[in-house]
Ligand code: G16
């Protein structure tokens, strides 16, 4: 490996700022905005300055840096390297061409004892000059920064007057190697290798390879985003699936125009191959930064809430989890399917607010081993992020050990535990005032609902969800409106925290049918009364102007 001469001193530039982050809501683990916004003068720099002034251990620390390859990725990396050097970091570990998936970044932060990481991604939001960009901050445990830190970052943005960076030329990150920016070492590594080693420790690759060889055709859609290089290596090289198994496998700056959100709407080409043409036994897709996953079988879509339940019920089959799991957690809007499995396994089950950061303390305290969300996220204690390809391998491993089809696995699961029919209705791009009015009005209505009939049952709980972290006792309130019914049905309404255009309203619907009931119905029909009643209570059509959701999962 070639070491570049240490060159010093560089001139340090301090630039006065005019940017304002007043419109940022505290509570997210970073900043997600339009690419155009990030291209405004000093905008990115200002936010990075706030991170460097706030993240503990910057002076003399090691930071992990990479992104999903979207437009703006390499420019941001160069800026952050120069700012990191000006702030006294000892080392920044980045990757060739800056390609690093979110779970792989989490793994590197942990294995390299870094103080944290900066991941450049707007996740599943579209990319390109007209798309979105984002800066995600992760802490030393490898997980999304907790609210205490992100709140501090935003507070700092308000008093920001200037930022510091070394006024030096860009360095090349096209190949592995070490460089120095003043006293700071920049180590460029391959972003794929360490992650693959981690997967090899958790899964029995031989048995998956055997399954694929035994006429079990699989297909994976990387959506022209970050998982392409990882999936080529894992599926086509190590697991010897035929070349062509990975679709859209090269990260493109605009994801080739694809909206890299793996659901039935945005990954419809893949869905068609499995659900209509029935050409493959297994199909999967991941999102922009590789933390989300969608699982499909021949003629079978696996709802993410069910996926979490199946993964939990079958964890003993996977070498990395064969010694048992301590507990599980799901976000509040995720269906209760996993709760039933946890009860049967006699392990703890936690309900947290939406957002992966809420799993961090439980994972660190070893209270849980596996966790997941309805928003196509599943993961475990192997990293501190949700992990799309991990979920794909997990499913392939279950299939390789059970030798059943995906739909047989699902049917068997429901016959044992009953079925939690579930669906999420998204109303995207609503005018923000209309969305807020709808939400606030519904919140006010909740107070009078308890004990009243609703959707053929009786309301037992109607509130705005509040969570007390079992480990640090911090309280997160107003995490989503809940209507829970006596017959175990649940309706949740919350506003998305990840959209960048107008507001997105999410309505989550769940109805339980015991194992003796009809387990093979269309979820939209089973949920119809819940859908109709919440639509009329919240006046969704009248207030949004939409007579149907933008996306139905
Ligand atoms: C992020 C968080 C997830 C969370 C999701 C919610 O996903 O990491 O834990 O479930 O947001 O999204 P919304 O607020 O739009 O419902 P990602 O994949 O965007 O990082």
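What follows is calculated from the coordinates using simple rules that are stated; it is not laboratory data. Remember, predicted model here, so these are calculated numbers, not experimental data. Methodologically, a virtual Cβ is constructed for each residue, glycine included, from the backbone with ideal geometry; neighbour enumeration extends over all protein chains shown.
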Nearest-ten-degree value, helix 147-159 long axis tilted from longest Cα axis of the chain: 50
Residue 521-residue 254 pseudo-label distance in nm [points 7 Å out on the Cα-to-Cβ vector]: 4.5
Simple spin-label estimate for residue 402 and residue 111 in nanometres, 7 Å along Cα-Cβ: 3.0
Label zone at residue 552, where the point sits 7 Å out along the Cα-to-Cβ direction: region 395-434 residues whose backbone N lies under 11 Å: 423-426
Sequence-separation-based contact order of region 2-190, relative, with Cα cut under 8 Å and 6+ spacing, percent: 37
Beta bridges per DSSP with both ends in region 2-190, % antiparallel, nearest 5: 55
Region 2-190: C-alpha gyration tensor shape, a/c 1.5 cut-off, then a/b vs b/c: rounded
For the chain, calculated [θ]222 nm from helices alone, where every DSSP H run of n ≥ 4 adds -39500 (n - 2.57): -8500 deg cm²/dmol
Degrees, to the nearest 10: 73-86 long Cα axis against longest axis of the chain: 50
Residues in region 232-273 reached by a label modelled at residue 213 [backbone nitrogen below 14 Å; 7 Å Cα→Cβ]: 238-242
Theoretical FRET efficiency, 1/(1+(r/R0)^6), r = Cβ-Cβ of residue 441 and residue 162, R0 41 Å, to 0.05: 0.40
Angle in degrees between helix 193-202 and the longest Cα principal axis of the chain, rounded to the nearest 10: 40
q = 0.13 Å⁻¹: log10 I(q)/I(0) that the Debye formula gives for region 195-417, counting C-alpha atoms only: -0.69
Counting DSSP beta bridges with both ends in the chain, the antiparallel % (nearest 5): 70
Segment residue 238-residue 265, extension gain: residue separation times 0.36 nm, minus the distance between their alpha carbons: 6.7 nm
Ordering of 444-451, 459-466, 293-300 by burial proxy (mean other Cβ atoms within 10 Å per residue, highest first): 293-300, 459-466, 444-451
Taking N as its residue count, the alpha carbon Rg of region 434-553 over 2.2 N^0.38 Å: 1.13
Fewest-first ranking of 374, 367, using other Cβ atoms within 10 Å as the exposure measure: 367, 374
Relative contact order (%) - criterion: Cα under 8 Å, at least six apart; region: the chain: 13
q = 0.08, 0.09, 0.10 Å⁻¹, the chain: log10 I(q)/I(0) [Debye, one scatterer per Cα]: -0.51, -0.65, -0.81
Cβ crowding within 10 Å averaged over residues, with 505-517, 472-484, 221-233 ranked highest first: 221-233, 505-517, 472-484
Computed over region 265-327: relative contact order in percent, which uses C-alpha pairs under 8 Å that are six or more apart: 21
FRET efficiency, 1/(1 + (r/R0)^6) with R0 35 Å, evaluated for residue 452 and residue 366 via beta carbons: 0.25
Residues 331, 29, 322, 405, sorted so that the one with the fewest Cβ neighbours within 10 Å comes first: 322, 405, 29, 331
Packing-based exposure ordering (other Cβ within 10 Å, fewest first) of 36, 548: 548, 36
Inter-label distance, nm, simple model (7 Å from Cα along the C-beta direction), residue 196/residue 411: 3.8
Extended-chain gain in nm, criterion 0.36 nm per residue less alpha-carbon gap, residue 42 and residue 463: 147.4 nm
